[in-house]
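**Student:** Submitted below is the structure of interest, expressed as structure tokens.
Any read-out appearing in this document is the output of simple, stated calculations on the displayed coordinates, not a laboratory observation. Predicted model, so just to flag it, every value in this text is computed and none were measured. Counting neighbours? That spans all protein chains shown, and the Cβs are built from the backbone with ideal geometry, glycine included.
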Ligand SMILES: NC(=O)c1ccc[n+]([C@@H]2O[C@H](COP(=O)([O-])OP(=O)(O)OC[C@H]3O[C@@H](n4cnc5c(N)ncnc54)[C@H](O)[C@@H]3O)[C@@H](O)[C@H]2O)c1
């Protein structure tokens with residue numbers, strides 16, 4: 001059995017899920033972490049018994065030389081550590097979603113990994129959930145005939161939940177290629193998510209090869225919104241898909257029928273942990289038994305392109321045919337060009353409570369040691385620091 005070393009960049013919330021995943025895969029040992037915040041590193045070192053900690057990815061790559069690097073930083077900080085890990089000799093990078101904000105950023109990650117022979121995986125880990133895997137199998141079997149139309153409803157920003165939902169729909173439908181996108185965007189408030197400028201609300205229509213279409217609405221209504229739920233209408237039936245529940249209606253189902261979700265291929269070997277399944281498939285790819293990871297960087301790049309094209313369509317007031325020519329972040333360009341004037345002044349960040357600057361780190365450690373989760377601690381400390 002070949003063994004692999006791994007490292008985590010960004011010792012925050014989602015890094016814990018990566019740790020849990022690695023710890024379930026026998027071949028992998030996590031040997032290092034990198035994070036500029038000393039207490040963030042210490043929490044991981046203590047909790048998981050990790051032997052080495054570093055302030056920067058570059059130093060970590062030079063001294064610890066891990067085979068696999070998990071990039072668990074905020075969206076705008078996905079390209080730099082990914083590129084540094086590839087340049088530093090990583091055999092694979094598992095980078096969090098959304099892959100990147102803008103096509104130049106996404107392409108820089110794909111290019112750097114290709115140049116250094118590094119496998120790039122983007123953590124759309126929900127592709128390993130039983131609901132999505134079984135839905136994909138049913139679509140392939142023709143259980144709803146020819147897929148015609150998919151509806152997605154998400155919240156908390158297109159690039160946040162939307163990336164999972166678009167990616168999941170694409171997975172279930174066999175990763176069809178998008179031809180054009182038309183979108184509408186509202187941004188009357190100065191809204192951000194993990195330091196990334198986002199819209200107040202948006203919606204878009206995506207047209208794929210063969211005529212299949214996908215509709216997505218984000219933040220228009222919270223009821224029924226979810227990062228992993230969508231409905232597919234086919235020529236001979238309907239599928240209602242979530243990560244853990246799947247329902248079908250077709251001529252032989254006798255109305256809506258629950259589909260049995262006995263653990264499917266991706267998750268059964270390691271008890272349904274999606275991060276572990278993602279690592280296991282990566283090892284299969286590294287060892288040459290599978291040509292392409294289901295979450296390959298090039299696949300996630302196409303989801304970024306759809307989201308950026310939605311914004312670009314609103315910016316240009318026209319249908320955007322792919323490939324997308326604009327390499328920057330169309331939403332930000334639209335704001336800078338005066339196309340989306342802010343009517344309610346005051347920048348705010350819907351995940352701002354996760355920012356570690358200025359929090360009482362000793363109190364963080366105490367609450368963590370008492371068993372409180374990262375999000376809960378950060379919300380509490382943020383409220384204590386900003387009582388208004
Ligand atoms: N796949 C999923 O289901 C899922 C779920 C939650 C979050 N995420 C994604 O994970 C990413 C991180 O989100 P989070 O909620 O874990 O954030 P977080 O704030 O909890 O953690 C981020 C960590 O990165 C560290 N950091 C900042 N700059 C750094 C740098 N230059 N080098 C190394 N570390 C640095 C911070 O100190 C912090 O500890 C986001 O892109 C988010 O979208 C994905």
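**Student:** Between residue 146 and residue 235, what is the label-to-label distance in nm when each label sits 7 Å out along the Cα-to-Cβ direction?
**Tutor:** 0.4 nm
**Student:** Mind sorting 70, 252, 218 by how few other Cβ atoms lie within 10 Å of their own Cβ, fewest first?
**Tutor:** Ordered by Cβ neighbours within 10 Å, fewest first: 252, 218, 70.
**Student:** Treat each spin label as a single point 7 Å out from the Cα along the C-beta direction, and report the residue 189 to residue 213 distance in nm.
**Tutor:** So the two model labels end up 3.1 nm from each other.
**Student:** How much length is gained on full extension from residue 20 to residue 2, taking 0.36 nm per residue of separation minus their Cα-Cα distance?
**Tutor:** My answer for the length gained is 4.5 nm.
**Student:** First measure r as the distance between the Cβ atoms of residue 291 and residue 317, then evaluate 1/(1 + (r/R0)^6) with R0 = 41 Å and state the FRET efficiency to the nearest 0.05.
**Tutor:** 0.50
**Student:** Given the -39500 (n - 2.57) contribution per DSSP H run of 4+ residues, what per-residue ellipticity at 222 nm results for the chain, rounded to the nearest 500 deg cm²/dmol?
**Tutor:** Per the formula, -11000 deg cm²/dmol.
**Student:** Measuring from label point to label point, each 7 Å out along Cα→Cβ, what is the residue 362 to residue 253 span in nm?
**Tutor:** 5.8 nm
**Student:** Normalising by the residue count of the chain, find the relative contact order in percent from Cα pairs under 8 Å and 6+ residues apart.
**Tutor:** Numbers: 826 pairs, mean separation 69.6, N = 388.
It comes to 18 percent, rounded to a whole number.
**Student:** Continuing with this model, one more query. For residue 344 and residue 383 in the same chain, what is the full-extension length gain: residue separation times 0.36 nm, less their Cα-Cα distance, in nm?
**Tutor:** Result for the pair: 11.8 nm of gain on full extension.
**Student:** I've got another one for you. Sort 20, 29 so the one with the fewest other Cβ atoms within 10 Å of its own Cβ comes first.
**Tutor:** By the 10 Å Cβ count, ascending, the order reads 20, 29.
**Student:** Also, I was wondering about something else. Which order do 331, 138 fall in if you start with the one that has the fewest other Cβ atoms within 10 Å?
**Tutor:** Least crowded to most crowded, the residues run 138, 331.
**Student:** Report the Cα centroid-to-centroid distance between the stretch 1-42 and the stretch 325-388 in angstrom, as an integer.
**Tutor:** The distance from the Cα centre of the stretch 1-42 to that of the stretch 325-388 comes to 24 Å.
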